[in-house]
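Inspection log for the structure reproduced underneath, given as C-alpha cells.
The values are calculated or read from the model by the stated rules, or taken from the named source; none is laboratory data. All of these numbers come straight from a predicted model, not from anything done at the bench. Virtual Cβ from ideal backbone geometry, glycine too; neighbours counted across all protein chains shown. The area values use the complete protein model at the heavy-atom level, side chains included, leaving out ligands, DNA and RNA. Shrake-Rupley method; radii C 1.70, N 1.55, O 1.52, S 1.80 Å.
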Amino acid sequence: MKKLLVLAMMATLLMAGSAFAVNRTGLSNNLTPVPNATFQFGAPGIASGPTTTNNDDSCDIGVAPAATLLLPYFEVDLVNRTTNTLFTITNVSRLPQIAHVTLWTDQSFAILDFNIYLTGYDVQAISMADVLISGLVAQPQGTGPTGAQSPIGALSAGAGTTPTNGSYSVALNPNFLQSGIGCGTLPGLIPQSLMALVRSALTTGVYGSCATAGRVHTNAIGYATIDVAASCTTALPSDGSGTYFGVAGGILYDNVLIGDYQQLGPAAAGTVASSFDGAGNAMVHIRAVPEGGPAQSANAPAATNLPYTFYDRYTVNTLGFPRTVDRRQPLPATWAARWIQGGTGAFATNFKIWREGVTITGCSAFTANGALPVAEVVRFDEHENPYVGATNVNCSPNCGPGTITLPETSATNTADTTIYPPMTGADVGGWMYLNLNNGGSANYSVTRANVSQAGGASNLGAPRPSQNWTIVEMFGNVGSSRLSVDFDAAWLGNGCSAATGTSTANGGVAIIGPAGGVLVCPAGNTVCTPGAAGYTGTNTTPLP
C-alpha cells in the first residue's frame, strides 16, 4: 500500500463520518439462526422482494431514533473552562418525552442524575461545564411541562392548550406514569453542596465517604447515559432496587431520542499557537427491542430476542422480571480503528473508548473498573505489517504479551506504547484491531430468559464478550490551520456476536476479520447460492 500523502490525510479528516458495519453476523454454532428477511425468488438470482422487513429486531447499532443515548466520554476543565463537552438531546416524536440523564465516573460510579422534559419535537442542549461548575442544567426555572418552561410548537401534541404541571402531560403520552410524572420541580440550578461532591468524584476519585468512585486526573472525566422514561424519576440505573427497570415510572421503550456531542479544548502543546480543537459526533444510539409500550411490569414482562442487553449488569433483581428487562441493544467487543501519528502534517490520533465494567456495588469494588483487561490489540501499518505488544510476561512457559488495561472510559493517544503496540517501520498511519473484551464477569447474566439471576457463562457459549464503544479522534496542523474530527470506529461484530479469541498475531487461532469469518458464504453452500433451493443467506437476528 502506498504511503499516505498529506493531502490524503487532510481528506480523511475533512470527510470522515460515522462508520458502521452493515453485515449482520450469525450467533455461535450451538444456536439456530432465525432469518431477519426472507426473500422469495422467481428466475434464478432475481428477488421478488422481502416477505418481512422486521429490521428493528437486530443487534446492529446505527444512528437511528433510540430509547437510550450513550455519551461515551466527556471531559471538562473545571478551572479555566478551556476544555468542555456539549451534548444535545432531540425528541423526534410529536408526543412529550422525559429524558433521564445519568452522569458516571470513569470507574462507572453513578454520581448525578436529572431529568429533561421534552415537548413534541423539542431539543435541549447541555453544557457539561455549566453543569459541573455552575450546577446549571437548563434555564433557571428548569424544563418543566409548561409552555413557559418548554414551549409547544404548532405540530406538537397539545398544541393550542395551556399546559400546567398537572395531568396535561399524562393525557398526551399514555406511556407516562398515569398517577403523575413528578416533573413540576425539575432543576434549573443544582446546589453547589452537591456539585462539589460530583466534581470531587470526577477528578480525585472521592465521592463523600466513597474513596474509589473514580480515578485521579486534573480535568473532570466520565460518561453519560440518557434514557427515555415514564416519569421524572430520581432512581439510578445502578441502585439495585429494580425500580429503575421493572416498575411503573421507570424507563420506557419508545425509540424517539437522537443526540450528538461536541468536544472543545485547547490544542496540544507544541502545535499552532493559540489554536483550538473542536470536534463532534453522534452519540451512541441504543434501540429498545421490541420498542414501545408502557413501563415494564414484573407481572407482564415483554420478551426480547436479544441474548443480553446494554444494562445487563444492573438488572439483577428480586422482582421476578427477566435480566433483559431494559430491552436495550448490547454493544460490540471487536473494532477496526484508523490511526495517523506524526508525519509532515503532525497529525495525531486519540482513541476514546467506553467499556462495560465488571462490578456494580461497593466503594472498593469500583477500582476494578479502573483497570479492565483488554483481550488484544494489533497495529497494522501502511505496508500491512502487524505489530503486537513489545514485551512478554516473565514466566515459564512463555505467557505471551503482558496484560493491557483501560478504565471504563478514557481518551488515549495511539503513540502510547504501554497500550498500543510500538512499530519498527517508518509508516505514519494504518489501522488497529481492537478486541476490547474484558474476559467476562460473574455479574453478567446467564440467559436472556428469566431462568437464572446469576452470572457466568452466557447463552452465546463461553462467557459473553463485554460491551464497548470506540471513537477515533484525529487532529493536527495544516499550515496555519488546525483540523480535528471525531468519528466512530467500525465494529467487526455486533453485540450478539460470540466472543473472539486471541488472533494468530499473538499465537492464538482466531482470524482477524468480520465476525463469522471470510468467506461468510462459502462457495457451493446452497444457502449462499442465489436461485438455489433453500437459499436463505446468513443474515440472522437474535433468537426469538
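Annotations for the structure displayed:
- Stretched out straight at 0.36 nm per residue, the stretch from A154 to A125 would grow longer than its current Cα-Cα span by 8.3 nm.
- Note on N385 and V316: the model spin-label points, each 7 Å out from Cα along the C-beta direction, lie 4.7 nm apart.
- Stretch gain in nm, segment L78-A248, where the contour uses 0.36 nm per residue and the Cα spacing is subtracted: 57.4 nm
- Label-to-label distance, nm, for residues given as A365 and Q262 (7 Å Cα→Cβ offset): 4.0 nm
- Amide H contacts under 5 Å for D488, placed H, 5+ residues apart: S18, A19, V472
- Note on I61: accessible area approximately 10 square angstrom, rounded to 10, probe 1.4 Å, nucleic acids and ligands left out.
- Shown is the FRET efficiency for T424 and V509, computed with R0 = 41 Å from the Cβ-Cβ distance and rounded to the nearest 0.05: 0.95.
- Note on T417/D239: beta-carbon distance plugged into 1/(1 + (r/R0)^6) with R0 of 35 Å gives a FRET efficiency of 0.30.
- Equivalent ellipsoid dimensions for the range 116-160 as semi-axes, Å, which come from the Cα gyration tensor, largest first: 24, 10, 6
- Using R0 = 56 Å, the C-beta based FRET efficiency linking T88 and T405 works out to 0.95.
- Amide hydrogen neighbours beyond the local backbone of D260, cut-off 5 Å, H modeled: T88, M283
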